[in-house]
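Note sheet for the following structure.
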Amino acid sequence: MHFKLLKVILWPRKGGEPRVVEFEPSMVNVISGASKTGKSSVIPIIDYCLGSEKCAIPVGVIRETCSWFGVLVDTLEGQKLLARREPGGLKASGDMLLLEGPVVEVPAVITGKNQNVDYVKAVLNRLSGLSNLQFEPGTDERFKSRVSFRDLMAFLFQPQNIVANPDVLFFKADTTDHREKLKTIFPYVLGAISPELLQARHDLDRLSRLLRRKEGELKARQDTGAAWQREGFAWARLAIEYGLLPAHTAVPDDWPSTVDLLREALRSDTRSATPTLAAMDVIMSRLTELRAVESKLTMTLNQSRQRLHELRRLDESSDEYRDGLRIQRDRLGLSAWIRDLATEHPAAVLEPSEAGRARVDQLCQALEGIELRLRSYPSVAESLGKETLRQREAVDTVLNDLAAVRAEIRTLEGQSDEARKVTTRGEEISRFLGRLQEALRLYDAADTSSELNQEISTLRAEVERLAKLVSEHEIGRKLENALNTIQDISGRLIPQLDGEWPDAPIRLVIQDLTVRVIRETRDDFLWEIGSGANWLAYHVALSLALQGYFLRLPQHPVPALLIYDQPSQVYFPARRAGKSSDEELDPTWDNEDVVAVRKVFALFNDIIQKTDGRLQIIVLDHAGEEVWGGLENVHLVEEWRGRGLVPEAWA
């Protein structure tokens with residue numbers, strides 16, 4: 001992402017010209033200065049102007065003397081000035097000023113806001129080209145929400161408390177919210193998950209829900225068709241009775257042939273349809289068959305109900321038996337207590353006789369037998385439960401079959417009685433044909449070869465295609481390749497720093513948000529390694545390696561910007577003892593310290609050269625020109641000795 005920091009601006013609270021700190025877009029920008037000059041406030045000011053939820057700018061002189069803070073950045077759309085009001089007693093202010101154009105002039109005074117922080121965040125999200133889809137569709141977990149420009153700040157800032165921290169590798173990863181969100185977005189940032197893949201995930205979720213709904217609709221139609229099939233065989237016999245089909249017509253056993261027969265009846269001439277004795281015999285024969293089936297099903301149902309009743313009584317008796325065993329166990333438990341007490345403390349109880357001991361042992365054996373039976377009880381109860389469930393399913397099946405048979409009997413009996421009323425035969429046939437026509441129409445709509453079935457087949461094919469696209473195995477493979485590339489890049493950078501094991505590669509561990517140092521004898525996590533020089537080397541190497549990897553990907557959303565606050569602190573953690581004057585606020589440099597810190601700046605210089613200026617690096621440090629002087633791509637922004645970020649006149 002083309003996002004270069006051009007200026008940091010402070011507007012005074014009491015009037016006057018704004019304080020402007022200017023940066024070069026394609027250089028290593030160094031602000032060198034003494035302690036307590038405001039160097040460590042630069043990162044919080046930039047972070048605040050880029051929409052942070054909380055103002056982390058240190059309280060005191062800066063917050064008391066400034067009314068607005070701002071940054072001027074260069075983007076592909078031109079320059080943008082992002083200014084935000086000092087929050088006062090609040091956690092943060094939502095008031096922001098956004099000015100855009102090819103070249104933006106810094107206003108001398110800000111009279112009021114023209115936007116809010118949410119709008120500016122939306123602009124930054126759009127500039128970075130981030131997907132607006134959450135990582136897992138349908139989830140309410142805040143860690144699975146969409147990736148935002150704010151999440152990418154973890155890869156830009158290395159403040160003083162992070163740059164050489166053995167426990168925390170990324171900006172704000174010391175808080176649970178940022179830590180878990182960073183783990184979630186890492187596959188996206190490394191390119192293992194693309195915006196197209198996120199879209200495919202959401203499409204897969206939507207189509208899967210649609211497919212389930214369509215399959216349910218098809219099943220309902222099929223169930224309706226199955227119910228109608230049971231009635232259809234009776235309708236075919238009624239058509240024979242009404243004279244719509246020849247009396248000698250045999251009703252087939254297969255359903256498609258029966259449907260064809262019903263369609264033939266629908267096409268018949270109702271004027272020539274006359275009832276015959278042979279046709280009525282068809283009805284009577286079928287009724288006889290159905291009565292026999294009904295009797296058999298009723299007998300089977302009674303037997304199943306009797307088994308269920310016996311199983312219920314057996315289950316109740318089993319519970320009573322178990323409760324009785326527990327009561328016996330509780331009563332006999334005293335015998336085991338007496339035996340143990342007599343064995344461990346013979347002087348504390350009355351010495352039992354031999355017969356008494358035998359009686360106690362006998363009671364204890366009975367207790368063990370009861371315990372054994374109690375342990376076997378769950379398997380007995382489970383067997384009873386399975387048999388009860390099986391009998392219930394058998395009863396349900398018989399009931400469904402019996403209901404279907406009785407429905408057909410009612411239909412045939414009613415129509416057989418009415419068949420003897422010859423005077424109303426014409427009207428009955430007309431009503432029958434109307435019902436038959438409507439039933440056949442509904443059957444055609446429920447046909448499994450209809451459009452619904454074709455739509456389900458299309459949805460299944462699309463769901464299978466998307467499932468392959470969002471395969472977790474494929475995501476893992478891409479992520480592993482990305483981590484290998486980052487390991488290769490960092491492996492070339494570490495020998496140029498002051499690390500203890502220059503030839504040992506480091507591996508980014510996303511689950512722990514740290515690095516693992518791979519040595520011949522063992523692997524060690526960052527927090528297991530001593531020495532601030534090692535911590536600094538791995539922080540610098542990994543942050544540069546990540547930016548190098550991002551620059552290889554076209555239109556990557558992470559800004560090509562790195563800001564380090566006091567990377568040299570591991571070489572002089574405290575100022576020289578016994579000195580208190582302003583001139584002695586800087587540390588004393590030993591030759592080896594200068595060499596070690598210069599390695600860091602020399603690496604920054606080389607990275608700027610190799611990336612053709614696409615990366616911008618800003619360093620806030622005590623180190624003076626004797627450390628980084630003479631490096632081609634290192635630019636001194638300002639030297640804060642005797643001055644600082646906030647002008648003395650503002651105090």
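Only the coordinates and a few stated rules stand behind these numbers; no lab work does. Owing to the predicted nature of the structure, the values given are computational and were not obtained by experimental measurement. Note that each Cβ is placed from the backbone with ideal geometry, even for glycine, and that neighbours are counted across all protein chains shown.
The table that follows gives values for the structure above.
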{"quantity": "Chain lengthening between R614 and V59 when straightened (0.36 nm per residue, less Cα-Cα)", "calculated": "196.3 nm"}
{"quantity": "Pairs from K91/K172; K54/K610; K91/K113 whose Cα-Cα separation, in the structure shown, is over 26 Å", "calculated": "K54/K610"}
{"quantity": "Long-range HN-HN contacts of K36 with modeled amide H, under 5 Å", "calculated": "none"}
{"quantity": "Approximate spin-label separation R305-Q454, in nm, with each point projected 7 Å along Cα-to-Cβ", "calculated": "5.0"}
{"quantity": "Extension gain from S35 to E320, taking 0.36 nm per residue of separation minus the Cα-Cα distance", "calculated": "94.3 nm"}
{"quantity": "Inter-label distance, nm, simple model (7 Å from Cα along the C-beta direction), V103/D167", "calculated": "5.0"}
{"quantity": "For the stretch 40-54, Karplus couplings with θ = phi - 60° (6.51, -1.76, 1.60), whole Hz, Gly/Pro x", "calculated": "6, 8, 5, 4, x, 5, 4, 4, 5, 6, 8, x, 5, 6, 10"}
{"quantity": "Spin-label pair D396/T411, simplified geometry with 7 Å Cα→Cβ offset, distance in nm", "calculated": "2.5"}
{"quantity": "Potential lengthening between Q437 and R126 on full extension [0.36 nm per residue; Cα-Cα distance subtracted]", "calculated": "106.0 nm"}
{"quantity": "Förster radius 35 Å - calculated FRET efficiency between A220 and T388, Cβ distance, rounded to 0.05", "calculated": "0.75"}
